[in-house]
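All remarks here apply to the structure that follows.
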Amino acid sequence: YSITDVDTSISSWTVKKPDEPDILPTPSLHVKKVFELYPNVVQTVDKDKRLPLHHAAASATASFDVFITIFEANKDAASIRDPATGLFPFQLAASHHNHAASFSLLLANPNLVSSAVTGASDVSDRKRKRSS
């Protein structure tokens, strides 16, 4: 990954071997690079205590590829309700018509459905309640 000159527009970023032609990176490649440089960012909450997965799920413009990249970097975030809406990321994604992202989260963790129905604050809370 390199910046070829002082221009920082997307076209100036190259992802290539020396003998390959210039290839414009996908947005998920940028996200992966940020995660590589700042691995803890996926677990960092903003001032509203929202995680990157909450923002991606609530975005009508985040691509499926970016969403999955964020999810794979912090799978535990899928079981944490968004503090702004009270919804799990799969619910946020569905409410913003990102059905593929919502379905992918449910495939990865089917227990999210029962947690959403019972009102547990996150999946780990539900597991603790069951064991008491």
Item to complete: Using the Karplus curve 6.51 cos²θ - 1.76 cosθ + 1.60 with θ = phi - 60°, work out ³J(HN,Hα) for each residue of the stretch 71-85 in order, rounded to whole Hz, and write x for Gly and Pro.
Response: 4, 5, 6, 8, 5, 5, 5, 5, 9, 10, 5, 6, x, 6, 10
Worksheet, complete the sentence: Cα-only Rg/Rh for the stretch 33-118 with Kirkwood Rh rounds to 0.94
Worksheet item: If Lys and Arg each add +1 and Asp and Glu each add -1, what is the summed charge of the other residues whose beta carbon sits under 12 Å from the beta carbon of residue 32?
Response: -2
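Quick check for you: with a 1.4 Å probe and neighbouring chains kept, what is the accessible area per residue of the stretch 39-110, in Å²? Walk me through the numbers on the way to the answer.
Working: 3700 Å² over 72 residues.
I get 51 Å² per residue for this part.
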Worksheet, complete the sentence: In the neighbourhood of residue 94 defined by beta carbon distances under 15 Å, the net charge of the other residues (Lys, Arg +1; Asp, Glu -1) is 0
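The values are calculated or read from the model by the stated rules, or taken from the named source; none is laboratory data. Note that this is a predicted model, so its numbers are computed, not measured. Note that each Cβ is placed from the backbone with ideal geometry, even for glycine, and that neighbours are counted across all protein chains shown. These accessible areas exclude ligands, DNA and RNA; they are computed on the full protein's heavy atoms, side chains included. Shrake-Rupley method; radii C 1.70, N 1.55, O 1.52, S 1.80 Å.
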